1. Can you find a residue that is closer than 30 Å to Ile137 by Cα, among the small types (Gly, Ala, Ser) and not in a loop (DSSP other than H, G, I, E, B) anywhere in the range 32-52?
2. Among the residues of the range 66-108, count how many are charged (D, E, K, R) and part of a strand (DSSP E or B).
3. Considering only residues that are out of contact with any helix residue (DSSP H, G or I) (no Cβ under 8 Å at 6 or more places or on another chain) and small (Gly, Ala, Ser), which ones fall in the range 211-266?
4. Can you tell which of Arg79, Arg97, Arg50, Arg41 is surrounded by fewer than 22 Cβ atoms within 10 Å (Cβ to Cβ), under 19 Å from Ala314 (Cα atoms) and away from ligand 2 (no atom under 15 Å from the Cβ)?
5. Out of Val61, Val33, Val16, I need the residue that is under 27 Å from Ala181 (Cβ atoms), of a type outside the set (Gly, Ala, Ser) and within 12 Å of ligand 1 (Cβ to nearest atom). Which one?
6. Let me confirm something: among Leu166, Leu210, Leu197, which residue is among the aliphatic types (A, V, I, L, M), assigned by TED's automatic domain parsing to the domain that holds Ser241 and over 21 Å from Met281 (Cβ atoms)?
7. Which pairs do you get when a residue that is of a type in the set (S, T, N, Q), found in the range 178-207, comes within reach of a residue that is more than 10 Å from ligand 1 (Cβ to nearest atom) and not in a helix (DSSP H, G or I), reach meaning Cβ atoms under 8 angstrom, with the pair 6+ apart or on two chains?
8. What number of residues in the range 228-249 are surrounded by fewer than 14 Cβ atoms within 10 Å (Cβ to Cβ) and either touching a residue at least 60 places away in the same chain (Cβ under 8 Å) or part of a helix (DSSP H, G or I) (or both)?
Amino acid sequence: MGFVRDMGIDLGTASVLVYVQGKGVVLREPSVVAMDKSTGRLLQVGSAARKMLGRTPGNIVALRPLRDGVISDYDMTERMLRAFIHQAAPVRLFRPRVVICVPSGISEVEERAVIDAGIHAGARRVYLIEEPVAAAIGAGLDIDRPEGHLVVDIGGGTTDIAVISLSGVVESVSIKIAGDAFDDAIVKYVRRKHNLLIGTRTAEEIKIALGCVFPRAEEESMEVTGHDPLIGLPRAVTVSSTETIEAFEEPAQRIVDAIHEVLERTPPELVADISTGGIVMTGGGSLIWGFDKLIESHTGIETRVAEDAISCVAYGTGKSLAHLSSMQDGTRNLSRRKQMNL
Ligand SMILES: Nc1ncnc2c1ncn2[C@@H]1O[C@H](COP(=O)(O)OP(=O)(O)OP(=O)(O)O)[C@@H](O)[C@H]1O
Ligand SMILES: [Mg+2]
């Protein structure tokens, strides 16, 4: 088993997906680690660690080492990556080359941190690809022609909006409003409207089960239990899909505004391409019900959610492995260098 397969990694705020060349996506795990505070020992990574979030005794912490799309805890990110790379390809003689996606517009220091984490986690070489470019490739868009495409990738920590042509990013905006912000919006709403404290995991369940940003034909509702600060006891309330429209108004509007901003800055020829070709959404956040309809109603441009939207970035990262020879390792691969041909 000396053969080494290169890997593409979607190192996301919410989840990590590993694509192994010739095999496809072999691993999907939440970006969470659990460690023993007193010994510094890593206890769990991924879904096992996620179950511990918000439920740990004093000596154990469960945390998400990435925040807002970038590394916030370097050491933990590296250890998490190491565990995932090992799980994805346990028997190996050589270290793999790894393509890791990063949000568009991160700083060079942040890029450096991703590269170092990849190398320390066992990669022979690390190549970076911008998340919206990977998302576009993964969504099956033909991006190497001189034709504009608009991709909106709503992840957990960041929403990346980018106009892509000739395999490069022409205009982009990255905002720190994505899936997590919608969870927070539900927490705040339930506190304000129902006087009840709920955790972000419960909020996420509500978001996934019935959250929407556009009126839906049939209203749905679910019962959730939280902590009533007045009586100091648990209490259950019913939350409806219509309420989530109100709760989500602000973050949803921020994303729509950012799309407008990108379109305003985009050269007219490319805007014309986009209005014919439509807007493509990727990332887990794009699955919030009605997001395509909301964007369409504000821009007048046909909008669709890509197939398997959560995996697009990983697929795109994986597909880019076939072009490693034309990519340079390190930080010199991002849109500042638009000439890169994938
Ligand atoms: N069916 C669904 N409906 C609504 N939201 C969903 C659904 N499935 C996943 N999500 C949300 O998608 C987000 C995660 O998306 P994704 O996996 O694309 O993020 P990420 O790539 O890890 O983050 P980032 O790109 O910001 O670093 C989470 O906020 C999650 O709650
Ligand atoms: Mg992502």
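The values are calculated or read from the model by the stated rules, or taken from the named source; none is laboratory data. None of these values were measured; they are calculated from a predicted model. Virtual Cβ from ideal backbone geometry, glycine too; neighbours counted across all protein chains shown.
1. As a first pass, look at the range 32-52 and keep what is closer than 30 Å to Ile137 by Cα: 32-33, 45-47, 50.
Narrowing the set further to residues that are among the small types (Gly, Ala, Ser) leaves 46-47.
When the remaining residues are screened for being not in a loop (DSSP other than H, G, I, E, B), the result is 47.
Within the range 32-52, one or more residues are closer than 30 Å to Ile137 by Cα, among the small types (Gly, Ala, Ser) and not in a loop (DSSP other than H, G, I, E, B).
2. Of the residues in the range 66-108, 2 are charged (D, E, K, R) and part of a strand (DSSP E or B).
3. Of everything in the range 211-266, those that are out of contact with any helix residue (DSSP H, G or I) (no Cβ under 8 Å at 6 or more places or on another chain) and small (Gly, Ala, Ser) turn out to be Ala217, Gly232, Ala236, Ala258.
4. Numbers: Arg79 fails: under 19 Å from Ala314 (Cα atoms); Arg50 fails: under 19 Å from Ala314 (Cα atoms); Arg41 fails: under 19 Å from Ala314 (Cα atoms).
Selected residue: Arg97, the only one of Arg79, Arg97, Arg50, Arg41 that is surrounded by fewer than 22 Cβ atoms within 10 Å (Cβ to Cβ), under 19 Å from Ala314 (Cα atoms) and away from ligand 2 (no atom under 15 Å from the Cβ).
5. Details: Val61 fails: within 12 Å of ligand 1 (Cβ to nearest atom); Val33 fails: within 12 Å of ligand 1 (Cβ to nearest atom).
After ruling out the rest, the residue left standing is Val16.
6. Numbers: Leu166 fails: assigned by TED's automatic domain parsing to the domain that holds Ser241; Leu210 fails: over 21 Å from Met281 (Cβ atoms).
Exactly one of Leu166, Leu210, Leu197 is among the aliphatic types (A, V, I, L, M), assigned by TED's automatic domain parsing to the domain that holds Ser241 and over 21 Å from Met281 (Cβ atoms), namely Leu197.
7. Final answer for the pair search is Asn195/Asp228; Asn195/Pro229; Asn195/Leu230; Thr200/Gly54; Thr202/Val224; Thr202/Thr225; Thr202/Gly226.
8. Count: 2.
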